[in-house]
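Enquirer: Sharing a structure with you now.
Just so it is clear, none of the values below were taken in a lab; they were calculated from the coordinates. Remember, it's a predicted structure, so these values are computed and weren't measured experimentally. Quick reminder, even Gly has a Cβ in these numbers, built from the backbone with ideal geometry, and neighbours come from all protein chains shown.
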Amino acid sequence: MEVKLAECAGFCFGVKRAIDTVYEQIGTGKAIFTYGPIVHNEEVVRELEELGVSVIETKDELLALKNDENTYPNGMAVVIRAHGVPEEIGQILEKKGIECIDATCPFVKRIHHVVREAYEQGKQIYVVGNPGHPEVEGICGWCENSAVVLETTEEARKIILNPDRQGIIVAQTTFNSNKFDNIIEIFRERSYNVSVVNTICNATEERQRAAKALAAEADVMIVIGGRHSSNTRKLYEICSSECATTYFIQTLEDLDMVLPTTVRLVGITAGASTPNKLIEEVQNYVRINF
Ligand code: F3S
């Protein structure tokens, strides 16, 4: 029996890079903080906490942070996670004399640049994405929160467009590309004065495509990820439609598998916040026990 891991399973490039950045800082002697949990995975955050990394949850907490030589004799550093932050956060850190280690994903950083430039040119910025998502909040913080955030075609229809003012549309990197296209279509029907920069990252689509391809040839599929993680649930749906025997597990303990002897190939994939360690654990367990 063969066990195969889907290409692009687990952390995307940006999240992996941010986590690696935090690990690189451990052992430098500095007090390390992350602005928000570095990834939506409690286990990873807990492991980092045990290594002395603290999470700053809110801007107020950041404002209250004291750069005190007695408490932090080797200095302090705040790591910015892959989602990015509003420009203001960097400014607060600078004022406090706290080192800012920017692990914003380069794809998100590109959006910040686009938005900042458009803002300086006086354009109206539209951000297609979830208004409560930290990435969107971060993007809005590069144009003094002047952007219009929208996520549905209904909202796109209701926007009052100024024909004399140029506009620019960007998207949250994880936004669904079909929904984005539909929203753009409405803008196009209504105005020609709006340019589009498609900033959707293909990491999610690639992960889904790879999971689908593997599920199509596997006899059994295992999807690893958080129960509440929407991208993991999506992977489960995709795999189940290709492979009738698909398991959804959060940890190795959830794996209660009975494999008939006819099984030739077990495929494994994982959601965007599933640590590599867990993927390897599951992979090894299946290899050894079946
Ligand atoms: Fe990940 Fe960066 Fe794309 S954080 S989803 S690689 S935009």
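Enquirer: For the stretch 48-186, give the magnitude of the charge dipole about the Cα centre (Cβ charges: +1 Lys/Arg, -1 Asp/Glu; no others), in debye to the nearest 20.
Expert: Working: 13 positive and 23 negative charges, 88 e Å.
Dipole size: approximately 420 debye.
Enquirer: Convert each backbone phi in the stretch 202-207 into a coupling constant with the Karplus relation 6.51 cos²θ - 1.76 cosθ + 1.60 (shift: θ = phi - 60°), then list the ³J(HN,Hα) values in order as whole Hz, x for Gly and Pro.
Expert: Per residue, the Karplus-derived 3J(HN,Hα) values read 8, 4, 5, 4, 4, 4 Hz.
Enquirer: Go through N162, G129, A118 and say which Cα lies farthest out towards the positive end of the charge dipole of the chain; charges sit on Cβ, +1 for Lys and Arg, -1 for Asp and Glu.
Expert: My answer, from the dipole projection, is N162.
Enquirer: Using a 10 Å cut-off around each Cβ, can you sort K158, K16 from fewest to most neighbouring Cβ atoms? Present the calculation step by step, with values, prior to reporting the outcome.
Expert: On the way: K158 10, K16 16.
Fewest-to-most Cβ neighbours within 10 Å comes out as K158, K16.
Enquirer: So what's the stretch 172-245 giving for Cα Rg divided by 2.2 N^0.38 Å, two decimals? Intermediate values should be presented prior to the final figure.
Expert: Working: Rg = 16.2 Å, N = 74, 2.2 N^0.38 = 11.3 Å.
The reported ratio for this selection is 1.43.
Enquirer: Using the number of other C-beta atoms within 10 angstrom as an exposure proxy, rank T153, T274, T204, T269 with the fewest first. Kindly include the intermediate steps, with their values, before the conclusion.
Expert: Values: T153 14, T274 28, T204 20, T269 32.
Ascending number of Cβ neighbours within 10 Å: T153, T204, T274, T269.
Enquirer: Mean separation of Cα pairs under 8 Å and 6+ residues apart, divided by the residue count of the chain: what relative contact order is that in percent? Please list the in-between numbers first.
Expert: On the way: 501 pairs, mean separation 61.6, N = 290.
In percent, rounded to a whole number, it is 21.
Enquirer: Same structure, new question: In deg cm²/dmol and to the nearest 500, what is the mean residue ellipticity at 222 nm of the chain if only DSSP H runs of at least 4 residues count, each as -39500 (n - 2.57), divided by the residue total?
Expert: Values: 11 runs with 122 residues, N = 290.
Result for the chain: -13000 deg cm²/dmol, rounded to the nearest 500.
Enquirer: Using the Karplus equation 6.51 cos²θ - 1.76 cosθ + 1.60 (θ = phi - 60°), what ³J(HN,Hα) coupling, rounded to whole Hz, does each residue of the stretch 52-57 give in order, writing x for Gly and Pro?
Expert: Result, ordered by residue: x, 8, 9, 9, 8, 8 Hz.
Enquirer: Against the empirical 2.2 N^0.38 Å scaling, what ratio does the C-alpha Rg of the chain come to? Write down the numbers at each step before the final one.
Expert: Values: Rg = 21.8 Å, N = 290, 2.2 N^0.38 = 19.0 Å.
Ratio of Cα Rg to 2.2 N^0.38 Å: 1.15.
Enquirer: Going by C-beta contacts inside 10 Å, put K123, K95 in order with the fewest on the left.
Expert: Values: K123 19, K95 10.
So the residues, fewest neighbours to most, are K95, K123.
Enquirer: Based on Cα positions only, what radius of gyration and what Dmax would you give for the stretch 107-196, in angstroms?
Expert: Gyration radius and largest Cα-Cα distance of the stretch 107-196: 11.9, 31 Å.
Enquirer: In a shell of Cβ-Cβ distance under 15 Å around D219, excluding D219 itself, what net charge do Lys and Arg (+1) and Asp and Glu (-1) give? Intermediate results must be reported in sequence, preceding the final value.
Expert: On the way: positive: K4, R264; negative: E2, E217, E242.
Once positives and negatives cancel, what remains is -1.
Enquirer: Report, in debye and to the nearest 20, how large the dipole of the chain comes out about its Cα centre when Lys and Arg carry +1 and Asp and Glu carry -1 on their Cβ. It would help to have the intermediate numbers written out before the result.
Expert: Numbers: 29 positive and 42 negative charges, 135 e Å.
The calculation lands at about 640 debye.
Enquirer: In the neighborhood of V3, defined by Cβ-to-Cβ distances under 15 Å, what is the net charge if each Lys or Arg adds +1 and each Asp or Glu adds -1?
Expert: On the way: positive: K4, R264, R287; negative: E2, E7, E217, D219, E280, E281.
With Lys, Arg at +1 and Asp, Glu at -1, the net is -3.
Enquirer: For A270, what residues show an amide H to amide H distance below 5 Å, using hydrogens built from the backbone and excluding near sequence neighbours?
Expert: Excluding prolines and chain starts, which carry no amide H, the hits are G10, I224.
Enquirer: Continuing with this model, one more query. HN-Hα J couplings of the stretch 244-254 from phi, Karplus 6.51/-1.76/1.60, θ = phi - 60°, integer Hz, Gly and Pro as x?
Expert: Residue by residue, the stretch 244-254 yields 4, 9, 10, 9, 10, 10, 8, 9, 4, 4, 6 Hz.
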